[in-house]
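Engineer: Have a look at this one before I ask anything.
All of the numbers you see were taken from the coordinates with simple rules; none came from a lab. Worth saying up front: this structure is predicted, and the values here are computed from it rather than measured. All Cβ positions, glycine included, derive from the backbone under ideal geometry; neighbour counts span all protein chains shown.
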Amino acid sequence: MKTKQINFSKYSSFKIGQIEEVSILEELNDYNDKFYMLGSCNNVLIGTNPPPLMILSKKYDYIKIENNVLKIGAATPSGKVASYCKKNNITNFEFVSHLPGTLGGLVFMNAGLKEYEIFNNLISITTVDGEVKKQNIEFGYRFTNITAPILEASFLLNYGFDVDKVEMFKQMRANQPSTPSAGSCFKNPKGDYAGRLIEEVGLKGVMKGAMCFSNEHANFLVNNGEGKFEDAIFLIKEAQDKVFERFGIFLECEIDILENPSKGI
Ligand SMILES: Cc1cc2nc3c(=O)[nH]c(=O)nc-3n(C[C@H](O)[C@H](O)[C@H](O)COP(=O)(O)OP(=O)(O)OC[C@H]3O[C@@H](n4cnc5c(N)ncnc54)[C@H](O)[C@@H]3O)c2cc1C
C-alpha cells in the first residue's frame, strides 16, 4: 500500500501536529478498521500519538453527472464542488463555498450552516462496503452513524445557482475568526450556544500557550502561533468542566481528537 508523509502543522486547519506517515486508500482492500480516515483535516485535532491514519487517493477526487444524478468523489475539496456548481448552474451547494473540507468529511459529519446541511440533497453514499441509501443512514445535527470510509456520494440534481445565497453564507461567517482553528470546537447544546456558555464562564480570550477561545467567537478554539496539542486539550477540558459546574450542561466536542490513549473528552 502507498503511504505519504504529512506534516500536520501545515496540513491541518489547526496548524497543530507533527509529521506522520499516512496510508493512502487506492483500492478497497487497502482499508481495514485499524485506520482512522482523514479528509483535509478541518475538523480534527491531531495528538502526539494518533492512531494509524489514512487518506483517499486522488482517484476519488471527481465530479460527474450520470442519469440526472450528481456524483461526487469523497476526496473532492468543497471549493471544487462550489466552483463546479457555479459553472454548471447547479443549486443547493452554495453553502459549501465557505465550508472547508472534502466531500467525505462533509458527509461523514453532515456538515452545514444553519438549516443548510449536506444531507438535505443526498440520495446515497458508496463506502468501502458498498452503496447505502440515505433512508438507511441515521443523521442529525453534525452527526451520522456512518462507520466505513465514504468513497462517493450521489445527490439530487437541481439547476439555478444562487449568487445571493453565496453572499448570505459569507455574511454568516463575518463574525468568525480567520486565525487557524477547526471551526466550532463544541456542538451547540439544545436550545443554547456553546460560545455563549464559554463566554459566561470567563474563558473567552483566555490564553494557554498560543491557544485560546477566540475573542471574535468564543466557540472557536484558535491557534495564535505555535499552538500545542496539550494546550488545546487543557482549554477544552477547562471549558467542559466550568460549563458543567455552572450550568450542568456537558459540552460535546464537535472536533475529533486523535490521540491514543484517548484523553477522555
Ligand atoms: C474555519 C472553519 C469553519 C468551519 N465552519 C463549519 C461550519 O460552519 N459548519 C460545519 O459543519 N463545519 C464547519 N467546519 C468544520 C469542517 O469544515 C467540516 O467538519 C468538514 O466536513 C471537514 O471536512 P474534512 O475533509 O476536513 O474532514 P476531516 O476534518 O479530515 O475529518 C472530519 C471527520 O470526517 C471523517 N471523514 C473524513 N473523510 C472521510 C471519508 N472519506 N469517509 C468517512 N469519514 C471521513 C473523519 O474520520 C472525521 O471524523 C469549519 C472548519 C473550519 C476550519
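Engineer: For the chain, take the longest principal axis of its alpha carbons; what is the angle in degrees between that and the long axis of helix 78-87, to the nearest 10 within 0 to 90?
Structural biologist: Once rounded, the angle reads 40 degrees.
Engineer: Can I ask one more? Measuring from centroid to centroid over Cα atoms, what is the spacing of the stretch 147-196 and the stretch 52-112 in Å?
Structural biologist: 13
Engineer: If you bin every alpha carbon distance in the chain into 5 Å steps from zero, what whole percent lands in each bin?
Structural biologist: Answer for the chain: a P(r) of 1, 6, 12, 16, 18, 17, 14, 9, 5, 1, 0 percent.
Engineer: So which of K4/K86; K59/K204; K114/K242; K4/K242; K87/K187; K4/K134 end up more than 31 Å apart, counting from Cα to Cα? Write out the running numbers ahead of the final one.
Structural biologist: On the way: K4/K86 33 Å; K59/K204 42 Å; K114/K242 27 Å; K4/K242 40 Å; K87/K187 33 Å; K4/K134 33 Å.
Table pairs above 31 Å Cα-Cα are K4/K86; K59/K204; K4/K242; K87/K187; K4/K134.
Engineer: A further question follows. For the stretch 172-265, with only Lys/Arg (+1) and Asp/Glu (-1) charged at the beta-carbon, what is the dipole magnitude about the Cα centre, in debye rounded to 20?
Structural biologist: Dipole about the Cα centre, nearest 20: 160 debye.
Engineer: Can you tell me the Rg and the Dmax, both Å, for the Cα atoms in the stretch 1-128?
Structural biologist: My reading of the Cα-based Rg and Dmax gives 15.2, 46 Å.
Engineer: Using the C-alpha atoms of the stretch 5-79, what convex hull volume per residue, in cubic angstrom, is computed? Numbers along the way, then the final one.
Structural biologist: Working: hull volume 8.0 nm³, N = 75.
Cα-based convex hull of the stretch 5-79, divided per residue, equals 107 Å³.
Engineer: Let me have the relative contact order for the chain, percent, based on Cα pairs under 8 Å that are six or more residues apart. Please report the intermediate quantities before stating the final value.
Structural biologist: On the way: 533 pairs, mean separation 49.3, N = 265.
19 percent.
Engineer: Rank these for me by crowding, T91, T102, T127, T147, going from fewest to most other beta carbons within 10 Å.
Structural biologist: Least to most surrounded, the residues fall as T147, T91, T127, T102.
Engineer: Shifting gears a bit: By how many degrees, between 0 and 90 and to the nearest 10, does the Cα long axis of helix 229-247 differ from the longest principal axis of the chain?
Structural biologist: 70
Engineer: Still on this structure: At q = 0.19, 0.20 Å⁻¹, what is the base-10 log of I(q)/I(0) for the stretch 70-140 according to the Debye formula with one equal point scatterer per Cα and no solvent? Please give it to two decimals.
Structural biologist: The computed values of log10 I(q)/I(0) come out as -0.75, -0.83.
Engineer: Could you size up the charge dipole of the stretch 108-265 around its Cα centre, putting +1 on the beta carbon of Lys and Arg and -1 on that of Asp and Glu, and report it in debye to the nearest 20?
Structural biologist: In total the dipole reaches around 240 debye.
Engineer: For F186, enumerate residues with amide H under 5 Å from its amide H, sequence gap 5+ or separate chain, H modeled in the peptide plane.
Structural biologist: Counting only residues 5 or more places away or on other chains, the set is E254.
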